[in-house]
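For reference, the structure is listed below as structure tokens.
The values are calculated or read from the model by the stated rules, or taken from the named source; none is laboratory data. In this text, all values refer to a predicted model and were calculated from it rather than measured experimentally. Cβ placement follows ideal geometry from the backbone for every residue including glycine, while neighbour counts extend to all protein chains displayed.
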Amino acid sequence: MPNYTLTYFDIDGGRGDPIRLAFHIAGIPLDDRRIGFEQFAQLKPTLPFGVIPVLEIDGQPVTQSNAILRYIGKQADLYPTDPVQALYCDEAMDALEDTTHFVVQTFGLEGEALKTARENLAKGKLKAYLAGLEDLLQRGGGEYFADGRLTVADLKVFVQTRSLRAGNLEHLPADLVDTAAPKLVEHMQRIANDPRVAGYYSQRA
């Protein structure tokens, strides 16, 4: 079995946590290399595309969180084999990347500029994407996004919903998901109660 090292921020969220969860569920050992923002600034010039997460497979780095999720998802039986269900899984994950990109664009803003940008995001694109994700969930049967079972798409949406509801992002209301897409909150609770996911966070605690 290859040796795996994941480099990502020392947070329980973002693009790194779904990957960590998938490795945990797969039962595959992972060197979870958690770094701070100052370390990232130092490492950035040496990283492929200057971004994280980076997964090293026997020392060979690969990037792009969705590509990494599909890779480990296939090994963990968390990715559909049916082409249409795989498409549904990918659609949800790519939509999440859009929402993450919208939020990241507000990083670095301050004062009124930050307040205005976040409030507009909450009323506009972010609200629309959350509602769209809820529609994708309903298309999948209402419990999971694809294949009628837990996939990497569920892990990714779960982590994002959990993060938004934590209220850690200034000027983004903690009840945004509750009001814009309440079915996503039910989904988050369902995934949180999955023994494999609960076991990961229990271990983290």
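Quick look at the numbers
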item	result
Selection from the range 151-205 of residues that are outside any loop (DSSP other than H, G, I, E, B), surrounded by fewer than 19 Cβ atoms within 10 Å (Cβ to Cβ) and among the small types (Gly, Ala, Ser)	192, 198, 199, 202
Residue count, the range 120-149 (criterion: surrounded by 16 or more Cβ atoms within 10 Å (Cβ to Cβ) and either assigned by TED's automatic domain parsing to the domain that holds residue 68 or farther than 16 Å from residue 161 by Cα (or both))	3
Flag if residue 101 is part of a helix (DSSP H, G or I) and touching a Gly at 6+ places or on another chain (Cβ under 9 Å)	no
Subset of the range 93-119 that is within 30 Å of residue 146 (Cα to Cα) and aliphatic (A, V, I, L, M) - its residue that is surrounded by the fewest Cβ atoms within 10 Å (Cβ to Cβ)	104
